[in-house]
Every structure is written in C-alpha cells, then in structure tokens.
Amino acid sequence: MEIGLLIAGLVLGAGAGVGGFYALNKSKENGGKNKADELIRKAKHEASEIVLNAKKEASDINDKTQREENEHRKEWKKTENRLVERETLLDKKFDQLDKRAEALRKQEGEIEELKDEVRSIRDKAQEKLEKIAGLSKKDAKDKLMAMTEKDIKNDLTNLMVKEQKAYSDYVDETAEAILLTAMERMSSEVTADRTVTSLKLPDDDMKGRIIGKEGRNIQALQHATGVDVLVDDTPGMVVLSSFDPIRRQVARYALERLMKDGRINPSSIEDAVAKAEREIEKEVVRAGEDAAREVGVIGIPSEILHLLGELKYRTSYGQNVLLHSIEMAHIAGMIAEEVGADVNITKTATLLHDIGKAVTHKIEGKHADIGAELAKKFGMKDEIVHAIAAHHEDIEPTTPEAVIVKIVDAISAARPGARNISAENFAERMKALENVATGFPGIDKAYAISAGREIRVIVEPKQIDDLSALKLARDIANKIEATMQYPGVIKVNVIRETRAIEYAK
C-alpha cells in the first residue's frame, strides 16, 4: 500500500510538472518553439528520474517489509513450537499425577487397614496389661498422672527455692546499694538535744536582780515558765533546766529580754514571758514553712504546718524531731526515685510522720495513730495517712511509700549519736509526773522541776481554797506513789495565789 501511494505521488508530481510546462508554454507563446521543446525534454527527463527513484525506493521498502515479515513468522513458529512442547509436557504431568493419586488412594486404604489391625492389637494388649496389673485404664492413667505430677512438683519446688534464693540475694544487694547510696548522698549533723540551757550574766549585780527580794523574781519566773532557774551552780551563768524544750526556750527569750531591759519584777516577768510565747509561736510557724520548703513539698494545710513547726522544740530520745523528719524526707525522696515510688507522697508522709508527737501531751494514744488522724482530719491523701499510721508497724504497711517511711525512720534513728535513750526516758518520766497532777480538777498548771524530785502545782484560787489545797497535795502524792516508779522522794508543792487588781482612772 505504501508503494502504491508513493508511485501515485510521483505520477502526480510528473503530471504537475508537465501541466506547469504547458501552462508556461501557453503563457509564453512568443518565447520560441525550440526553447519550449528543450524545456519539455528536461521535464520528461526529470519526471523519468523521479519515477525511477520512486520505483527503487518502493522496491527497497517492499524488500525490507518482506524480510521483517519473514522474521516475525519465524518467531511465531518458534513460540508455537514451545507452546506445543509445554502442552505435551503438561499432559504427561497430569497423567503422572493421576497415577500418583490412584496409588495414594490405594495406600490410604492399606494404611486404614493397618490402623484397624494396630487398634485391635493395642486393645488386646491393654486387656492383657489390665489383667496382669489389676488396674483399669483410667486407674493406671490417674496413677501415672499422680506420679508425674509429684515428680514435676518436686522439681518445680526445688527450682523455685533456688530462684527465690538467688532473687533474694539480688534484692538484698540492690536494696543495700540503694540505702547506702541515699545515706551517703544525705549527710547531716548528728546532735542530741540537752535538757538545760545556759545564759551568761552581764555582771554579778544582775544575779541579784534575777533572784529579787526574798526570791520573788526567780519564783515568779519559775511559776510563769515551769522551768528551774539555777543562779548559784555556775559562776557568771544562769542555768535553765527543764525536760520540755519549749518551756526552756520561752524562759530563755524572757530572761534575755529582762536582762537587756534591766527592770526585773514579777509584773515585767509576766510581760516578758507573754512576749516570748508570742515569739515562739512565730518561730513555730516559720519552722514548719521552712521545713516544707527545704524538703520541696507543697500543698500542706497551715494547721499541719503549725504542728510540724512545733516539732522544732520536741525531742525523741534526745533527737530533734523536726531535724529527724527533714533528714528522713530527703533520704526517702532519693529511695523513692530509685524504686519508682511516688516521690511527692513519700516525702510528704515522711516529713509529717511524727506530727502526732506535737500533741501527745494533749491527746491520749500512740503518736502514729494521732498523726494519722490529724492528717486525715485536715484532708491529706489516703496514701499519706496510711504511711503515717504504719511507720511503727502498728498496722501493716501496704504501699511502697509506707514501707519507705518505715525503713527511713529506722535509718535516721539508728545513726550513731542520733539518740540518747536515757534523756528520752527522763523526759517521759517528767511528762508522766505532770500528767498525774493535771488529772485532778481545779489545776491551772503543773511543772515537774528539780530533775523530777519536785512537782509544782498551781491551782485556780476560785476553785481550790487553802484547806482543799492541803488535801489536793496529799491526793497527788498518793497517786504518784500508786502509779509511778521513781528513785528517792518527790515533793508535791501546791501553790494557791490570790491577786487583787484594780485600776486608777
């Protein structure tokens, strides 16, 4: 088709050339016949060459097309032969598969026959074994299972004991490492509080002022504070002796103020003591806030902070309770971080674990129970309340935080020099002595002084008259004899004082 189109194009081109020649000849009739003939010959020659070239190109294209067609035919033939071969091969494979399937069906039949024969032999053998052993299949199975279970149980028990021992050793080593690391990171001073405070006198004349005429000033100071004031034991010093650190602090503040002012009389002593008590109250609040800030806990109610601040003036076996709690909170936070417990709950519970000691002289009961009740009353979290209640194992600790508080309490208390047991026993005996006296009606204040050799009882003059004061002294002495154990003799000193006050206007 391409060749035909090419030839037609050449013929049309030649025709166009001849037509153009005749048109040219017609338009130039006056140009001469010879010239026209020459042009005609050239046109015919060119047309002949064009036709020859076109034929040649058409022949070349035809040959090329024929060759390509032959090559395609050869490829198609090869492909057809391959397909025929594959088809033949597949037919053979299908035949083989059919034969194999038939053989497998025959083998399955034979296998089923063998299975039936094996089952029959096994049943017969089982019957014979049951007759010989005297056990049924179920009994034999149960016995075998019991024996196997026993063997496995023993093996598992031995394995568990071995693993538990290895794990216990690992846990002990890990716990020891954590505790030692926390204790090494937290280093604090170890000091035991004493039951006396010494103040230096500016001159000997001040000693006379403190004693006063017939001892009125020193008696007024002792009555107002409940502290033994010793001015003759140490030259140039005044010694304040009391098992209660708050009383000693109030007496120290008051006496420092009086010595600085120079005017010492019963009235100024009362004013100084009242101001000292207000200063102590401010220090209590500040101490609680500073402790919480140092440990890094927030959100503690102000009432709890006040109780915490009071621990600054409380001791446990000679160990300052507030410093003990702060030290514990730091160590507990480190341990909580290591074991993955709640750090904030652990620190808070540890800091507040001994707040019950701030009110044990007012509320009956163990300080752990009192502290837990106070924490619950003021809205602390249940985890904190539980940790406070369980830190002496009065109840079983059930949370990681409670266990940490219990452990750290033992760590802080066991540090060498941290506690003085004899001092604590002395303080407890003094408190018990005072509690015996305050248990009677009409008592305003009661102070154990002179290292427990005297109990000074101040009564309400409107409720107790002079005769009743004598009877009260005897009753207190009888109760002390009946309920307490003590060396030596305890003097019961009941003081009834009537004051007449009037104002000039």
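The values are calculated or read from the model by the stated rules, or taken from the named source; none is laboratory data. The shown structure was predicted, so the numbers you read here are calculated from the model rather than taken from an experiment. Cβ atoms come from the backbone with ideal geometry, glycine included; neighbour counts cover every protein chain shown.
Where helices (runs of 4 or more DSSP H) fall wholly inside segment 203-289, the ranges with 3 or more residues that are of a type in the set (D, E, K, R) are 204-211, 245-261. Residues that are crowded, with 19+ Cβ neighbours inside 10 Å and closer than 24 Å to Gln319 by Cβ do occur in segment 253-267.
Considering only segment 359-372, I want to know if a residue exists there that is over 24 Å from Lys431 (Cβ atoms) and either surrounded by fewer than 21 Cβ atoms within 10 Å (Cβ to Cβ) or assigned by TED's automatic domain parsing to the domain that holds Glu310 (or both). Give the steps one after another, and end with the answer.
Just the residues of segment 359-372 that are over 24 Å from Lys431 (Cβ atoms), to begin with: none.
The answer is no; no qualifying residue exists.
Please verify whether segment 318-332 includes one or more residues that are within 28 Å of Val436 (Cβ to Cβ) and either in contact with a Pro (Cβ under 9 Å, 6 or more places away or on another chain) or in the same structural domain as Ala224 (by TED's automatic domain parsing) (or both). For segment 318-332, residues within 28 Å of Val436 (Cβ to Cβ) and either in contact with a Pro (Cβ under 9 Å, 6 or more places away or on another chain) or in the same structural domain as Ala224 (by TED's automatic domain parsing) (or both): present.
Taking segment 471-505 as the range and being among the hydrophobic types (A, V, I, L, M, F, W, C), under 22 Å from Ala220 (Cα atoms) and without any contact (Cβ under 8 Å) to a residue 24 or more places away in the chain as the test, the residues that pass are Ala473, Ala500, Ile501.
Would you confirm whether any residue within segment 344-357 is assigned by TED's automatic domain parsing to the domain that holds Val403, loosely packed, with under 15 Cβ neighbours inside 10 Å and not in a helix (DSSP H, G or I)? Don't jump to the end; show me each part of the working.
So in segment 344-357, the residues assigned by TED's automatic domain parsing to the domain that holds Val403 come out as 344-357.
Imposing the further condition that a residue be loosely packed, with under 15 Cβ neighbours inside 10 Å reduces the set to none.
No, every residue in segment 344-357 fails to be assigned by TED's automatic domain parsing to the domain that holds Val403, loosely packed, with under 15 Cβ neighbours inside 10 Å and not in a helix (DSSP H, G or I).
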